[in-house]
1. Take THR137 and decide whether it is surrounded by 24 or more Cβ atoms within 10 Å (Cβ to Cβ), modelled with pLDDT of 95 or more and of a type outside the set (A, V, I, L, M).
2. Suppose we filter PHE96, PHE125 for residues that are buried (at least 24 other Cβ atoms within 10 Å of the Cβ), in contact with a strand residue (DSSP E or B) (Cβ under 7 Å, 6 or more places away or on another chain), farther than 20 Å from THR34 by Cβ and aromatic (Phe, Trp, Tyr); which single one remains?
3. Has the range 305-314 got any residue that is part of a loop (DSSP other than H, G, I, E, B) and not assigned by TED's automatic domain parsing to the domain that holds ASN234?
4. Of the residues THR269, THR263, which is over 28 Å from ASN194 (Cα atoms), out of contact with any Phe, Trp or Tyr (no Cβ under 6 Å at 6 or more places or on another chain) and either outside any helix (DSSP H, G or I) or free of Cβ contacts under 8 Å to residues at least 60 places away in the same chain (or both)?
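The values are calculated or read from the model by the stated rules, or taken from the named source; none is laboratory data. From a predicted model like this one, the values you see are computed outputs, not experimental measurements. Neighbour counts are summed over all protein chains in view; Cβ atoms, including those assigned to glycine, are modelled from backbone coordinates with ideal geometry.
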Amino acid sequence: MKIATRKFIMRAVRVSLFGGPEVLKVEENVPIPTPKEDQVLIKVIAAGVNPVDAYIRSGTYGVRPNLPYTPGMDSAGVVEEVGPKVTKFKKGSRVFTYRSYTGTYAEYTLASEDHVADLHSSLTFEQGAAIGIPYYTAYRALMFKSGAKAGSTVLIHGASGAVGLACIQIGVAHGMTMLGTAGSPEGMELIKKNGASAVFNHRQNGYVQQITEAINGEGPDSIIEMLANVNLRNDINIIKRNGSIVIVGNRGESEINPRGIMTKECVITGVTLMQTSPEEVTKMTKGVQDGMAAGWLRPHISHRYSLADAHMAHKDLIESIGAKGKLIIKL
C-alpha cells in the first residue's frame, strides 16, 4: 500500500537584497511552512502582483521585511493543511487570501484563518488571486473612508487598474454614480464596461473641465485617488464642497495650496490595508462574498506570468504596462 508523505520543499521567489525587479530570484529548495494554531497552509494556484509588492521589494516602503523573504500578499488556491484551532476551512477548500505570513510568490503560502476566505465556485483561481488586495482596498476606501452612499457621485481617478475597477464595481452595486479616468482608449473602454456612467482621458487637456460639465457644473461628492502626487491639486479644484478625497496610491511629493481645502471644506484622507481592524475585515469579507454570489464582482486579469518571470511582472507593473486590471503569477 502506498503511503502519502508530506512534501517538505517548494519553489518560491526570494528577495535577498532590496533593489530593482532583478532581485526577484526563484529558489528550488525553500522549506514549506507548517501551520500552527489558527494558520492555514494553502497550495497556491495563482498569486496577485500589486504595486505595494514593488515598493517593498525596492526598499522604499515604510516597513521592510527581514531578508531574505518571499513577496506577495494575495493568492488563490486549495487548502493543504490547517492548524489545530482552525474551524472555518479544511483540506481541499477553495480559498483566496489578502494577506500572507510567508509570501504568495510560492507553491505554498501560510496565512491566518482570518485572512483567508472561501472562493465562490463561479470564479476561477486566477480571478481569486485578483480579489484580495484590490477589492479589500477598494471596499475600505469607498465604503468606510469616503462617506459615499447610494446616490453619491464618485470619481475614481485612475480607474482602469485593479483597485480602480473594483471601486467601480462596488460603487455601482451600492447605487452610486461612478465616474472614472484612464490614460488610454483601452483603459477607458474597460472602465465603461464595468459600469461607469462617464469616463475621461486624464492625459487629455481640459479633462478636468469635462468632468465638472458632465455633472452639471458640480464636483463629485467623493474622489478615490490612485496617483496623488500627480492629481491631488486637480482633485481639490473639482471636489464638491464638503466632499472627500481618499488617497489610495502615491509615488512622490505633491505641492498644493491649502486654501483650496479651506474653501471647499473638504476632507483628505488616506487608506492602507495595514490599518484595517478585525471588525472591518469581517465586513469587507462579507461584502466581497456577497459580490461573488451576486455576480457583480468580476476581476479583470490583464497579464499572466510564470513564477520564473516574476521579475518581468514587476518591471511591467511599474514601467511598461498601463494599468488595465490585475497582473497575476500562475503556478
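1. Values: surrounded by 24 or more Cβ atoms within 10 Å (Cβ to Cβ): yes; modelled with pLDDT of 95 or more: yes; of a type outside the set (A, V, I, L, M): yes.
For THR137, the condition - surrounded by 24 or more Cβ atoms within 10 Å (Cβ to Cβ), modelled with pLDDT of 95 or more and of a type outside the set (A, V, I, L, M) - is met.
2. Details: PHE125 fails: buried (at least 24 other Cβ atoms within 10 Å of the Cβ).
Result of the check over PHE96, PHE125: PHE96.
3. Step one: of the range 305-314, the residues part of a loop (DSSP other than H, G, I, E, B) are 306.
In the following step, the residues that additionally are not assigned by TED's automatic domain parsing to the domain that holds ASN234 were identified as 306.
Yes, because at least one residue in the range 305-314 is part of a loop (DSSP other than H, G, I, E, B) and not assigned by TED's automatic domain parsing to the domain that holds ASN234.
4. Details: THR269 fails: over 28 Å from ASN194 (Cα atoms).
Being over 28 Å from ASN194 (Cα atoms), out of contact with any Phe, Trp or Tyr (no Cβ under 6 Å at 6 or more places or on another chain) and either outside any helix (DSSP H, G or I) or free of Cβ contacts under 8 Å to residues at least 60 places away in the same chain (or both) holds for just one of THR269, THR263, which is THR263.
This table checks each residue for (1) in a helix (DSSP H, G or I); (2) touching a residue at least 24 places away in the same chain (Cβ under 8 Å); (3) in contact with a helix residue (DSSP H, G or I) (Cβ under 7 Å, 6 or more places away or on another chain); (4) among the hydroxyl-bearing types (Ser, Thr, Tyr).
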position: GLN210; (1), (2), (3), (4): yes, no, no, no
position: GLY219; (1), (2), (3), (4): no, yes, yes, no
position: ASN231; (1), (2), (3), (4): yes, yes, no, no
position: ASN242; (1), (2), (3), (4): no, yes, no, no
position: ARG251; (1), (2), (3), (4): no, yes, yes, no
position: GLU280; (1), (2), (3), (4): yes, yes, yes, no
